[in-house]
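In what follows, a single structure is set out as structure tokens and then discussed.
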Ligand SMILES: [Zn+2]
């Protein structure tokens, strides 16, 4: 068992109180009447399934019953952050790539100093 931080309750609660509700940040097309069948189909049915950083919507079902978002690493199951609906995640796959690149660059510079 593990604990998940609910950003509305402001505390860690047991995982059994929560339910996943799928990918976060899916935006409904502005005008469904004018969008293509492909755009509407993408909105309704197609979801990303990345290995690594993923943003998911969860609900605190046996608590405040509010929806919120989680940034999770799908390879390690690690929950990196939780945040309220309407907020932007502070951790993204791109920011992770930037940080990994910066760390690699730093390591190269340090090796350069030693050599
Ligand atoms: Zn809650």
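Between the Cα long axis of helix 93-114 and the first principal axis of the chain there is an angle of about 0°, rounded to the nearest 10. Label reach from residue 88 (point 7 Å along Cα→C-beta): in segment 62-76, amide nitrogens under 20 Å belong to 68-72. When the convex hull of its Cα atoms is viewed from all sides, segment 3-89 shows a mean projected area of 6.4 nm². A Förster distance of 22 Å, applied to the separation of the beta-carbon atoms of residue 64 and residue 95, puts the FRET efficiency at 0.20. For residue 37 and residue 80, the difference between the fully extended length at 0.36 nm per residue and the C-alpha to C-alpha distance is 11.9 nm. Taking 26, 70, 91 in turn, the Gaussian network model of the chain (Cα-Cα springs below 10 Å) assigns the largest fluctuation to 26. Considering the chain as a Gaussian network with a 10 Å cut-off on Cα pairs, which listed residue, 78, 14, 39, attains the greatest mean-square fluctuation? Result: 39 has the largest fluctuation of those listed. Once the chain from residue 14 to residue 45 is taken as fully extended at 0.36 nm per residue, the excess over their C-alpha distance is 8.1 nm.
No lab work stands behind these numbers, since they all come straight from the coordinates. Note that the structure is predicted; figures quoted are calculated from it, not measured. Because the Cβ atoms are built from the backbone with ideal geometry, glycine has one as well, and the counts that use them run over all protein chains shown.
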